[in-house]
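Structure, as structure tokens:
What follows draws every value from the coordinates through simple rules; no lab data is involved. Note that the structure is a prediction, hence the values are computed from the model and not measured. Heads up, the Cβs are rebuilt from the backbone with ideal geometry, glycines too, and the neighbour counts pull from every protein chain shown.
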């Protein structure tokens, strides 16, 4: 199938319905694997790539923070992407504010990535002491300087989103085009919160869903002894609901002749507020398997869609 596209607010950016993330991924696999994953995403029609600066957790990186960006940039170029055919997103963490301005933080990220701009810069919620108006001003200045084309929010409250949108509208500045939010069968509270939904709609801010597989817990791979970030957590009570949902997904997947991961990714795609769903992959086969979620989300009849939505739904809401 052709990759469907969605607009990000009023930014002028159009992105693929699935986005390839790099959350603690590419620095942990071989360059050959990373290139193969990137090429599979490009061949599948994915035009939305997500990167971010993280501290090294491998113990082998040549720099303590931001090596994830170095690797991303190298893989991006090696995979043969044309810069103007893809939307590249990155994060503004405010980690060293006020000593480091937003412009300085992004400059450092761009240098590590080997790019002259990002298309979308997500801003973490402003730190204590930084007013929303000042944060919006610094972020918009990145767009004016040509270092970003649009901006979005990460972990902002509904009130903060609405205030930022109102400030942008009053001062005729670009408003937040996207909000990256966790959204899965076992984490619905953020995206489905009525107050946030109204705030995002008023701000014309599109949702980019993340963590849709709950770190792999919804795929059933850990029951089969698979490796991943939660491979040692099967006995942890914090993950009991997600593991139970994974079992229910596997049962429904068998009925529908698909797999649990595809169903888990299809869930956020059923929500019209979601413009794109972010996923990660360590093998090209995973990319192509996850693409199946698009067709599944479009072809599920209402009965089966309701069965999917009912998994892990609180009893009071079922």
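Of note:
- From the Kirkwood radius over Cα pairs of segment 84-217, Stokes-Einstein at 37 °C and 0.692 mPa s returns a whole-number translational diffusion coefficient of 214 µm²/s.
- Protection proxy ranking, peptides 55-67, 204-216, 24-36, average beta carbon neighbours within 10 Å, highest first: 204-216, 24-36, 55-67
- Packing order of peptides 71-78, 263-270, 196-203, highest average first: 263-270, 71-78, 196-203 (average count of other Cβ atoms within 10 Å over each peptide's residues).
- Relative contact order (percent, whole number), segment 100-212, Cα cutoff 8 Å, 6+ residue spacing: 23
- Note on the chain: Kirkwood hydrodynamic radius from all Cα pairs is 20.2 Å, rounded to one decimal.
- Helix 31-43 axis, angle to the chain major axis (alpha carbon atoms, nearest 10°): 90
- When only alpha carbons of segment 1-115 are considered, Rg and Dmax amount to 14.8, 48 Å.
- Gyration tensor analysis over the Cα atoms of segment 46-111 returns equivalent ellipsoid semi-axes of 22, 16, 9 Å (largest first, whole Å).
- Helix 132-144 vs. the chain, principal-axis angle (Cα, 0 to 90°, nearest 10): 80
- The antiparallel fraction among DSSP beta bridges confined to the chain stands at about 15%.
- Fewest-first ranking of 105, 141, 99, using other Cβ atoms within 10 Å as the exposure measure: 99, 141, 105
- Averaging the sequence gap over all C-alpha pairs within less than 8 Å and six or more residues apart, then dividing by the number of residues, gives the chain a relative contact order of 19 percent.
- Nearest-ten-degree value, helix 194-203 long axis tilted from longest Cα axis of the chain: 40
- One quarter of the surface of the convex hull around the alpha-carbon atoms of segment 236-297 equals 5.1 nm², the direction-averaged projected area.
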